[in-house]
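Some notes on the structure that comes next.
Taken together, the values in this text are just the output of simple stated rules run on the coordinates, not laboratory data. Keep in mind the model is a prediction, meaning the values are calculated, not measured. Here the Cβ positions follow ideal geometry from the backbone for every residue, glycine too, while neighbour counts run over all protein chains shown.
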Amino acid sequence: MGAKVVTAMNIVGFDGCHHNYDVLKEILKGGEEKVKEAGGSVVGGHTIETPEMLYGLSATGVLNPDKIYRNNTPKIGDVIILTKPLGMGILTTAIKADMLDNEIVKKVIRILSQLNYKASLAMQDFEVSACTDVTGFGLLGHCLEMTNDNVTIKFSRNSIPVLEESRLMAAMGMIPGGTYKNKKFLSDKVDIKNMIDDDILFFDAQTSGGFLIAVSQEDAPLLLKRLKEEGYEYSAIVAEVCEKEEKSIMVQK
């Protein structure tokens with residue numbers, strides 16, 4: 001939304017029965033490094049003993065009320081840029097099942113650990129009408145949040161960046177439950193032309209996904225170039241904001 005992080009507090013559930021505290025130190029160190037990368041400071045936190053490990057951050061920041069990027073205000077005629085590839089939910093499920101080799105695991109970790117911070121700064125230099133991130137509701141679920149009563153968002157299937165390894169894992173059934181829930185929820189809101197098996201990736205519940213940025217067609221090539229220079233190598237123009245049709249979202253060839 002254009003905010004700048006100032007401080008953050010750790011929220012940790014740690015399984016001290018099965019892991020030594022060196023693991024906890026590494027978790028906290030990793031979190032602090034990412035907060036610093038985004039320009040903030042960790043000022044404390046809360047840690048409890050839990051049977052299942054969990055980690056998060058409660059962040060506080062500042063926002064110019066005259067320059068807020070909302071998720072449901074795209075302009076007709078804008079195009080939409082996606083900054084990270086799809087497939088993270090499927091691939092992290094495959095990692096849990098020990099189905100990926102180390103090189104692919106490293107590739108996934110690199111993408112997951114890339115912050116959206118630089119993308120958020122880059123887009124502020126261009127004519128952007130709306131922005132949201134892609135996380136648990138998947139590409140089409142979060143895209144639905146970008147629609148309103150006046151627009152339909154039309155995707156080009158072949159332009160959507162997908163990690164190829166996730167296609168294989170999806171075919172093998174490495175699909176998280178949240179992905180199926182997303183597909184069921186969106187079934188009457190999305191029109192997918194000539195649906196194929198790979199299209200399950202459009203509903204995949206992402207972890208640390210990228211941005212969906214609605215930007216003017218004039219500025220889109222410039223923003224895309226800037227994003228790639230900032231390290232978002234998979235960035236692509238994936239959709240167009242059109243006048244309202246029967247469905248809120250369409251996926252075409």
- Amide H contacts of residue 212 (H built 1.01 Å from N, under 5 Å, at least 5 apart or other chain): 132, 133, 134
- Query: Which length gain, in nm to one decimal place, applies between residue 15 and residue 72 when the Cα-Cα distance is subtracted from 0.36 nm times their residue separation?
  - Reply: 16.5 nm
- Message: To make sure I understand the rule: partners must be aspartates and glutamates, Cα under 15 Å from the Cα of residue 67, and not fewer than 8 residues away in the same chain. Which ones qualify?
- Response: 125, 127
- Simple spin-label estimate for residue 3 and residue 54 in nanometres, 7 Å along Cα-Cβ: 2.0
- Task: Within the range 56-128, list the trypsin sites (Lys or Arg not before Pro) lying in a DSSP loop whose Cβ has at most 11 other Cβ atoms in a 10 Å radius.
- Result: 67
- Quick one: which residues, 5+ away or cross-chain, put their amide H under 5 Å from the amide H of residue 251? H built at 1.01 Å from N. 155, 191, 192, 193
- What number, in nm² with one decimal, is the all-direction average of the projected area of the convex hull of the alpha-carbon atoms of the range 4-62? 3.6
- Note on the structure: Amide H proximity to residue 70 below 5 Å, modelled H, separation 5+ or other chain, gives 131
- Which of the lysines could a cross-linker span from residue 193 if the Cα-Cα distance has to be under 16 Å and same-chain partners fewer than 8 positions apart are dropped? 154, 183, 247, 253
- Message: Tell me whether the range 79-252 comes out rounded, prolate or oblate; compute the Cα gyration tensor, take square roots of the eigenvalues as a ≥ b ≥ c, and use a/c under 1.5 as the rounded threshold.
- Response: oblate
- Note on the structure: Note to self: C-alpha centroids of the range 228-253 and the range 44-77 sit apart, in Å, by 24
- Message: Nearest 10 degrees is fine. How inclined is helix 220-229 to the longest principal axis of the chain, computing both from alpha carbons?
- Response: 20
- Message: Can you compute the helix-only [θ] at 222 nm over the chain? Use -39500 (n - 2.57) per DSSP H run of at least 4 residues, normalise by all residues, nearest 500 deg cm²/dmol.
- Response: -9500 deg cm²/dmol
- Just how large is the dipole of the range 4-62 about the Cα centre, in debye to the nearest 20, putting +1 at every Lys and Arg Cβ and -1 at every Asp and Glu Cβ? 320
- Put +1 on the Cβ of each Lys and Arg and -1 on the Cβ of each Asp and Glu in the range 4-62; which of 53, 28, 5 then has its Cα farthest toward the positive end of the dipole? 5
- Query: Using r as the Cβ-Cβ distance of residue 225 and residue 180, and R0 as 45 Å, what FRET efficiency do you calculate, to the nearest 0.05?
  - Reply: 0.75
- With 0.36 nm assigned to each residue of separation and the Cα-Cα distance removed, residue 253 to residue 195 gains 19.9 nm
- Per-residue HN-Hα couplings for the range 188-198 [Karplus 6.51, -1.76, 1.60; θ = phi - 60°; Hz; x = Gly/Pro]: 9, 10, 10, 10, 10, 6, 6, 4, 10, 4, 4
